[in-house]
Amino acid sequence: MILIKLRKSFHLLWAKPKFSLIKQLLMKIKFLFSWFLILILSLLSSKISFSQELAPGMPILEDYGRKAQIILNDSDSLKIFGLRPDLSIKALFANPVESSKKSYEISLLPVQFNMGYNSKRPYGYGGYGMHNGRGFEQYISTGIYGRLGFLHLQLQPEYVFAQNKSYQGFGSDYSDKVLKDRFHYWNNNDRPELLGKGNSSRLWWGQSSITAKFGGFESGISTRTIWWGPGQWNALTFSGNSESFPHLTLNSHRPLKTFLGHFEGQLIVGRLESSGMNASQNENLNEKYFLPLDEDWRYLNAVTINYQPKWVPGLFLGFIRTFQQYSAKRGKQFRDYMPIFEAFQKKEYFQNGNSVAFDSEARDQQATLFLKFLSKKAKFDIYVEYGRRDHAFDWRDAILNPEHSRAFLMGFQKLVPLARQNTYLQIRSEILHQQESVNRYIRYEKLGGRTSWATHYQVRGFTNRGKALGSGIGTGSNSQTFEVAIVEGFNKLGIMVERIANHQDFYYRAFGQDDEMLPWVDLSVGVLANRQWKSFLLGSQFQLVNGTNYQWQSDPASTASFPKGKDMLSFHGTINLVYLLGVNK
């Protein structure tokens, strides 16, 4: 009894503010000791393994790997001809320290330090779970890689700090109808205005995994980032926008050669979490309009396959399908654990002339098709991806009405050789369209709309911890990005311009027939500069962002005949530092 009382007293004492500070200090010391231990273990080996695979979307390295796909002349290399850039050490660096031929290895992983800053409002996407909110943010990651026979272990945790400063968000001075329209999308999604209250930090397993490789196949458990599809800045399904999530994986770790050509693929089962945050910064609005998030986690099942026909070198054809469902809703049959193998037609799930029973299972699915073509001779690649969320009733419905609940992505990259050896003019661009199509005129009353990309009325969107798993530009938003730069190896100097039409589905639902209300469009121009000093890489991106008609605000002088909105000019900047331990450059 005395011990129990002492234990309770200790917990009460520990909860007091004074001792809470001590607890935070001890947690920070534990964090620093963990990183120190990783570095000490890493330094036991001065060699770096060819087998290391760096995270997709990794700043500087992803861009370099994508250029390498259309510059290198070794057309027999399977990995170079994979759909995504090959981010293995062997592919990225011509002369790394040779890997040990022993049955075991231990080696270093790059040290990555990313910093971001937004002056007045959130802007940006990507960052492996960085909030991209207002204020200062930082991301730190490094670790070790080990191999014992066919077993591969990668321990690469991530640490993210964010200020989460409040900002001028969606206002409360709109009509009740407009407020309901805004919360219609917040209540079908989990993408709050703020991802934390004040300063926040999180230490996560990050790019860690333990897998077994047999031939061209790999299987295991992982928390590494997944990027599916051909996109450069965005993706319709998975990208580096959100924090990674735990998953079981069965995948090819290199293209598999068959008599028809080469195949790549991955099948995963994962766990997604909610943000735990209310949608608006205004708690009065939340109390009136916001539907609280379900605390349950979501079960994810997804598959992708892409194929390179041997008759058309450089052509890739691919397919992606995903299902998510709250775990409490999932049954115990095979179809509940692997819904990706079920029929596409909605009519297959009808019982007694309706789909009420199937809809009560609260599943959210989406599927995409993509194509990419690259030519090493022309130093050019082009790609397109089309996705659909809502089940078509049958194949006839799918063919006759491809516009329903769809999104698409397209882009290209071209390298023009310059007079200086190994120097190129890089021109690249991408268009992402998530806004609902003209179907809103046919299916929904008064342009209301319903099925925005990556939203769902039961499962609250295709997100993890409050950030979209695919594109991070915003629900129902569209973007056009254009970049031109002079590149030489890892070195780069260029400019980019970007246009983002924000939350177009909400705009047309709430203001579509109001001549005085103008859409909120972000116009930005930025400078890009990357530089390499031996094993040290520095990348930077600085943008001025003019939010025209920011948050759909009207200027006091605005009239129906001469509409005028309020603009907001802000600054967005990122600095990325990478130190490639163990690489001879």
Answer yes if at least one residue in region 166-183 is part of a strand (DSSP E or B) and out of contact with any Asp or Glu (no Cβ under 8 Å at 6 or more places or on another chain), and no otherwise. no
Regarding F290, is this residue more than 30 Å from V384 (Cβ to Cβ), in contact with a helix residue (DSSP H, G or I) (Cβ under 8 Å, 6 or more places away or on another chain) and surrounded by 14 or more Cβ atoms within 10 Å (Cβ to Cβ)? yes
Show me the strands (runs of 3 or more DSSP E) found entirely inside region 403-514 where at least 2 residues are of a type outside the set (S, T, N, Q), without any contact (Cβ under 8 Å) to a residue 40 or more places away in the chain and farther than 30 Å from S275 by Cβ. 406-417, 491-501
Could you please give the count of residues in region 369-401 that are at pLDDT below 85 and under 25 Å from the mean Cα position of the chain (by Cα)? 2
Residues that are in contact with a helix residue (DSSP H, G or I) (Cβ under 9 Å, 6 or more places away or on another chain), of a type outside the set (A, V, I, L, M, F, W, C) and crowded, with 17+ Cβ neighbours inside 10 Å: does region 254-262 have at least one? no
In this structure, is E445 modelled with pLDDT under 90 and more than 23 Å from the chain's Cα centre (by Cα)? yes
For region 263-294, enumerate the residues that are more than 25 Å from S222 (Cβ to Cβ) and part of a loop (DSSP other than H, G, I, E, B). M277, N278, A279, S280, Q281, N282, F290, L291, P292, L293, D294
Test set (1) touching a strand residue (DSSP E or B) at 6+ places or on another chain (Cβ under 9 Å); (2) closer than 20 Å to I399 by Cβ - K379 fails condition number: (2)
The number of residues in region 318-344 that are crowded, with 16+ Cβ neighbours inside 10 Å and in contact (Cβ under 8 Å) with a residue 24 or more places away in the chain is 12
Are any residues in region 514-566 under 17 Å from I486 (Cα atoms) and charged (D, E, K, R), and if so, which ones? R531
List, please: which pairs have Cβ atoms under 6 Å, are six or more places apart or on different chains, and start with a residue in region 515-536 that is touching a residue at least 24 places away in the same chain (Cβ under 8 Å) and under 19 Å from E62 (Cα atoms) and end with one that is of a type in the set (V, I, T) and part of a loop (DSSP other than H, G, I, E, B)? N530/I60; S535/V583
Test set (1) at positive phi; (2) at pLDDT 90 or above - K534 fails condition number: (2)
Give region 142-163 a look and list any residue that's part of a loop (DSSP other than H, G, I, E, B), of a type outside the set (S, T, Y) and crowded, with 20+ Cβ neighbours inside 10 Å, or say none. G143, Q156
Restrict the check to region 113-124 and report whether at least one residue is closer than 24 Å to R254 by Cβ, at pLDDT 90 or above, among the aliphatic types (A, V, I, L, M) and in a strand (DSSP E or B). no
Please indicate, with yes or no, whether at least one residue in region 206-213 is surrounded by 16 or more Cβ atoms within 10 Å (Cβ to Cβ), free of Cβ contacts under 8 Å to residues at least 40 places away in the same chain and farther than 30 Å from L409 by Cα. no
Would you point out which residue out of R396, R389 is of a type in the set (D, E, K, R) and more than 28 Å from G472 (Cβ to Cβ)? R396
Of all residues in region 246-266, count the ones that are out of contact with any Ser or Thr (no Cβ under 7 Å at 6 or more places or on another chain) and within 30 Å of N132 (Cβ to Cβ). 2
Could you check, for region 491-499, whether at least one of its residues is surrounded by fewer than 17 Cβ atoms within 10 Å (Cβ to Cβ), among the charged types (D, E, K, R) and at pLDDT 95 or above? yes
For region 363-389, give me each residue that is part of a loop (DSSP other than H, G, I, E, B) and surrounded by fewer than 17 Cβ atoms within 10 Å (Cβ to Cβ). K377, A378
One residue is enough: does region 357-368 have a residue meeting the conditions within 15 Å of A68 (Cα to Cα) and modelled with pLDDT of 85 or more? no
Please enumerate the residues belonging to region 291-311 that are under 14 Å from H262 (Cα atoms) and free of Cβ contacts under 8 Å to residues at least 60 places away in the same chain. I305, Y307, P309, K310, W311
Considering only region 125-155, how many residues are free of Cβ contacts under 8 Å to residues at least 60 places away in the same chain and not hydrophobic (A, V, I, L, M, F, W, C)? 7
Determine whether region 175-184 contains at least one residue that is crowded, with 19+ Cβ neighbours inside 10 Å, farther than 27 Å from R460 by Cβ, modelled with pLDDT of 95 or more and more than 22 Å from the chain's Cα centre (by Cα). no
Lone unmet requirement of (1) more than 17 Å from the chain's Cα centre (by Cα); (2) farther than 30 Å from L179 by Cα for T481: (1)
Going by the structure shown, is G231 closer than 29 Å to L432 by Cβ and not in a strand (DSSP E or B)? yes
Every residue from region 455-465 that is surrounded by 24 or more Cβ atoms within 10 Å (Cβ to Cβ) and out of contact with any strand residue (DSSP E or B) (no Cβ under 8 Å at 6 or more places or on another chain): T455
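The values are calculated or read from the model by the stated rules, or taken from the named source; none is laboratory data. Quick caveat, the model's predicted, so the values are computed rather than measured. Please note: Cβ atoms are built from the backbone with ideal geometry, for glycine as well, and neighbour counts cover all protein chains shown.
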